[in-house]
Structures are given as C-alpha cells and as structure tokens.
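Here the structure is laid out as structure tokens; the discussion comes afterwards.
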Amino acid sequence: MTNKTNSKNSYHKGNLRESLITEAALMIQEQGITAVTLRELGRRLEVSRTAPYRHFEDKTDLLCSVAEHGFRVFQDTLATERLSEGVRPISRFQNMGRAYICFALENTSYYRLMFRESMVVDHQTQSLKEAGDAAFNELRLILKQCQDDGAVVKEDLDLQAMFVWSTMHGYCSLVLDKYHDEDKKLSAMTEHIITKVTRGVVV
C-alpha cells in the first residue's frame, strides 16, 4: 500500500495534505504509530514546522485521515473481487475473503490503525465512519449477489455480513498477534477459514 520512496521526492505545492497522509502511512508501516508526529512529518517533507497544522489539528486528526485513506484502499481491494467478470458470485465471495486476509497481512500497521488504534476508534470523524461503512458494504453487496444467485441462504443481510466480517477480522487479528505465525500452515489455514465461512452461509 505504501511507497518506499520518500514522499518529499513527489511533493508539490498544493498537495501537502495528501503528502502528509502518504508519509504518515509510510512511517506507520516502518516504525509504528508512536513514531508519527506532525513535526517529524514536516521535517521529512522539508516543510515548515507549522505547515502540517494548516491541514490537521493534531495527531489524532491526522491518524483518522490516514485510517480513512486505508479504508478507501481496502474498499477498492474488495470491490475489485466483487466486480470480477466471468466469475460466479460465490467464487467472487471467496476471493473477496482471500483479498481481505491478504490486505491485513500485507498492511499490518495500517490494519491495526484502522480497526484497533484507540485514537482512531474513539475519535471517528464522519468521513472515517463513511469510509468504514463503504468497505463493509462491499461484503453486503457480494452476499446480496450470492443470495440472488441462490448460492447462499436468504436471511438478514446485515446479520449475515456481520457473521462473515467478524470471522475474517478475528482470524486476521489472531495472525497479527502471532497466535498463529507458522508460514507453512498459514495458506492452509486461510483456505480452511474460507471454506468454513462459505459453509456458514450456503443454502
């Protein structure tokens, strides 16, 4: 998700806000959330100390914007699988599950920020909530397609989606917390989870 090239190389006047979000995401991936400060971001982008404060009130405001960006990328990742042409809805549903897990494992610090960082969870902005809801809605949409196709049981869509989301999130959280970190078994476990989740919603 993040580009290893220092953002200052692509910084241009007029897009400082976007550059700050990109650089913060890079810092989170490299050093963790605690390393991120508006002053350090300004130093890395070679702008004045006060420049970042023209776009963000404080670190919490910045992190909420970074999490919002993460949810937008997450939504795009899920939507790509949902909109795959020539693939049965149930297979798209399973591919979406694999994409969910892949996103979490490839963007571990980002994923924790989006779902578990208290500064973000406890201070959600309206736009952040909307971004999270949009990502969740991708799951609702694919399940609706599967219901209409007769591949999964027709039941309350929100409850069905929450069952799937909770299972996937729980599995990813366990892996990220190193409760299951044997690489040779990770692929097999992922497929096991996908199979079990599918069985939980099929007719």
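Coordinate-derived values only; no laboratory data. Keep in mind it's a predicted model, so treat the numbers as computed, not measured. Neighbour counts are summed over all protein chains in view; Cβ atoms, including those assigned to glycine, are modelled from backbone coordinates with ideal geometry.
Apply 1/(1 + (r/R0)^6) to the Cβ-Cβ distance of residue 162 and residue 31, taking R0 = 41 Å, and write down the FRET efficiency to the nearest 0.05. Walk me through the numbers before you get to the answer.
On the way: r = 34 Å, r/R0 = 0.82.
E between residue 162 and residue 31, to the nearest 0.05, is 0.75.
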Determine the gain in length on full extension of the stretch residue 195-residue 84; use 0.36 nm per residue of separation and subtract their C-alpha separation, reporting nm with one decimal. 38.0 nm
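In percent, how large is the relative contact order of region 40-121, given Cα pairs closer than 8 Å and 6 or more residues apart? Walk me through the numbers before you get to the answer.
Working: 48 pairs, mean separation 25.2, N = 82.
Taking the mean separation of contacting Cα pairs over the length of region 40-121, I get 31 percent.
Only helical DSSP H runs with n ≥ 4 go in: add -39500 (n - 2.57) per run for the chain, normalise by residue count and round the 222 nm mean residue ellipticity to 500 deg cm²/dmol.
Only helices count here, giving -22500 deg cm²/dmol.
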7 Å from Cα along Cα→Cβ at both residue 57 and residue 98: what's the point-to-point distance in nm? 4.4
Between the alpha-carbon centers of region 117-155 and region 35-77, tell me the distance in whole angstrom. 25
Could you list which residues have their amide H under 5 Å from that of residue 152, counting only those 5 or more apart in sequence or on another chain, with H placed in the peptide plane? 147, 203
Assigning unit charges at the beta carbon (Lys, Arg +1; Asp, Glu -1) and nothing else, what dipole magnitude in debye, to the nearest 20, does region 53-203 show about its Cα centre? 400
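How large is the charge dipole for region 29-120, taken about the Cα centre, if only the Cβ atoms of Lys, Arg (+1) and Asp, Glu (-1) carry charge, to the nearest 20 debye?
On the way: 13 positive and 12 negative charges, 19 e Å.
It comes to approximately 100 debye.
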Using a Gaussian network for the chain with springs between C-alpha atoms less than 10 Å apart, which of these wobbles most: 29, 126, 145? 126
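Give the peptides 31-41, 58-68 in descending order of average Cβ contacts within 10 Å, highest first.
Answer by packing, highest mean first, reads 58-68, 31-41.
What GluC sites (Glu not before Pro) does region 94-174 have in DSSP loop regions with at most 13 other beta carbons within 10 Å?
Numbers: sites: 106, 117, 130, 138, 155; in loops: 117, 155.
Filter output for region 94-174: 155.
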Proximal aspartates and glutamates relative to residue 185, as straight alpha-carbon distance under 20 Å, when same-chain residues fewer than 8 apart are discounted: 106, 177
For a bin width of 10 Å, list the pair-distance distribution of region 60-199 built from all Cα-Cα distances, rounded to whole %. 12, 41, 34, 13, 0
Cβ-based charge dipole, the chain, positive-most Cα from 19, 168, 62: 19
